[in-house]
Amino acid sequence: MKAFIILLVLVGYCYGQSKLGKYNLESAISVSGLSAGSYMASQFHVAQSKRVIGAGLFAGGPYYCAQGSLISATNACMKLPTSINVATLQSKAQSYVNSLLVDPLSNLANSKVFIFSGTRDNVVVPGVVKKQEEFYASYITNPGGIKTVYDIAAQHGMPTDFYGGACGSTNLDYINNCDYNGAYEALNHIYGGLQKPSSGAQLTGQLILFDQTEFFKLAAPSTYGMDTAGYIYVPAACQSGALFNGFGPGNIWLSQQLLILECKLHIVFHGCLQAREKLGDKYARYTGYNQVADLNNFIILYPQAKSNMSNPNGCWDWWGYSSIAYANKNGYQMTGIERMMLRTMGQY
């Protein structure tokens, strides 16, 4: 019993809901997501391209694919790529820019985007995901800015190298053990030069349950398909007042200096049926992001959606169930996530 208690303390998992904190962060932010979370990550990237420098997009189609229609979302944007007109979606994005609801698309020129689709995915078929590549290819001009992985025999789900069901089979939690670290591959493409963690490496930081209600002002979060709480993973090195041992300028040894490390923020959007109400903290714990965070000084923000009458599967809003402005900065979910992002940076 004593060993179990010590283990919990060492791992640092916190199940008491707390206020989202402020951290010492770099100004550049990145996002990623699976399925509905991929659509949400793309929406947030396009809308906030002044701050968001890259995106990891797993099993999702292009920005504004559903065009405000659930029928389009569940048909064209999952199964019928020939029905997706990318030029129309790009025109809508530009109209939002013209109305100051989306950052200038020219900001995407130097973005890094990672796109993954499993060859066995029959939920969002590979052809739809390739429309995501087509959308970004019109804006990203830096060589190698888009990396695609279309050759792994994965079913619909987040690919990991240590957790989940069989890679090519349907798994109810949509986490697939494919002997492939999708979280690392996406983040390494965006930032470059990252250390790769060993498979399922033990964690050193804290997974904190935080209050999401304060980021929604007009009504309860559930009104907009949002949970009352989300998760944030903070590596030990990114906690305020972390002690540092190492070499400083001129190879002078610094011992036990009180330094606050500047870390990077990455926002992860779960897919449908993967939110806290269904999986608890499983998506936040077992998709591989936290191991990458420990080695490379990332803070990982896991906002949580929630089911309601218009959204029974707890998906992110990528077809308009919460607002007609769902894909721009005025969308309720988009605004809430922006406030969470700014809070971690000490700007909200």
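The values are calculated or read from the model by the stated rules, or taken from the named source; none is laboratory data. Computed from a prediction, not measured in an experiment: that's the story for all the values here. Counting neighbours? That spans all protein chains shown, and the Cβs are built from the backbone with ideal geometry, glycine included. SASA here: full protein model, heavy atoms, side chains in, ligands and nucleic acids out. Shrake-Rupley method; radii C 1.70, N 1.55, O 1.52, S 1.80 Å.
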If you restrict to DSSP beta bridges whose two residues both lie in the chain, what percentage is antiparallel, to the nearest 5? 30
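Over 29 Å between C-alpha atoms is what I'm after, so list which of 130/217; 92/147; 19/50; 92/112 land there. Before the final figure, lay out each step's value.
Numbers: 130/217 37 Å; 92/147 25 Å; 19/50 26 Å; 92/112 22 Å.
Listed pairs above 29 Å: 130/217.
Work out how much length residue 236 to residue 310 would gain on full extension: take 0.36 nm times their residue separation and subtract the Cα-Cα distance, in nm to one decimal.
Values: separation 74, 0.36 × 74 = 26.64 nm, distance 3.94 nm.
Answer, rounded to one decimal: 22.7 nm.
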The chain: spread of alpha-carbon positions along the three principal axes, whole Å, largest first, is 60, 43, 43
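Residue 27 to residue 69: FRET efficiency via 1/(1 + (r/R0)^6), r the Cβ-Cβ distance, R0 30 Å, to the nearest 0.05?
Values: r = 36 Å, r/R0 = 1.20.
Efficiency, from the Cβ-Cβ distance: 0.25.
Using Cα pairs closer than 8 Å and at least 6 residues apart in sequence, work out the relative contact order for the stretch 37-112, in percent.
On the way: 79 pairs, mean separation 28.1, N = 76.
Computed over the stretch 37-112, the figure is 37 percent.
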R0 of 35 Å, Cβ-Cβ distance residue 262-residue 151: FRET efficiency to nearest 0.05: 0.45
Say we join alpha carbon atoms closer than 10 Å with springs in a Gaussian network model of the chain; which of 161, 151, 173 then has the biggest fluctuation? 151
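Could you calculate the FRET efficiency of residue 17 with residue 79 from 1/(1 + (r/R0)^6), where r is the beta carbon distance between them and R0 is 41 Å, rounded to 0.05? Each step should come with its number before you reach the end.
Values: r = 39 Å, r/R0 = 0.94.
For residue 17 and residue 79, the calculated efficiency is 0.60.
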Between the modelled labels at residue 98 and residue 218 (7 Å from Cα along Cα→Cβ) the distance in nm is 2.5
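Summing +1 for each Lys or Arg and -1 for each Asp or Glu, what net charge is found among the other residues whose Cβ lies under 14 Å from the Cβ of residue 227?
Numbers: positive: 276, 278, 306; negative: 211, 214, 277, 281, 317.
Charge balance in the 14 Å sphere: -2.
Given a 1.4 angstrom probe, what's the average accessible area per residue across the stretch 270-348, in square angstrom? If you can, show how the numbers build up before the last one.
Details: 2440 Å² over 79 residues.
Solvent-accessible surface per residue comes out at 31 Å².
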Work out from phi, with θ = phi - 60° and the Karplus expression 6.51 cos²θ - 1.76 cosθ + 1.60, the ³J(HN,Hα) of each residue of the stretch 66-81, listed in order in whole Hz, and give x for Gly and Pro. 6, 6, x, 10, 5, 4, 5, 4, 8, 10, 3, 7, 10, 10, 10, x
Amide H partners (placed H, <5 Å) of residue 56, local residues excluded: 31, 32, 33, 114
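Can you tell me, using C-alpha contacts under 8 Å and at least 6 residues apart, the relative contact order of the chain as a whole percent?
Values: 800 pairs, mean separation 77.9, N = 348.
It rounds to 22 percent for the chain.
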Mind checking which aspartates and glutamates have their C-alpha under 15 Å from residue 278, skipping anything on the same chain fewer than 8 residues away? 173, 227
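Rounded to the nearest percent, how much of the accessible area of the chain (1.4 Å probe, protein heavy atoms only) is carbon and sulfur? Each step should come with its number before you reach the end.
Details: 7580 of 14060 Å².
That share works out to 54 percent.
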Most mobile of 125, 234, 149 in a GNM of the chain (Cα contacts under 10 Å): 149
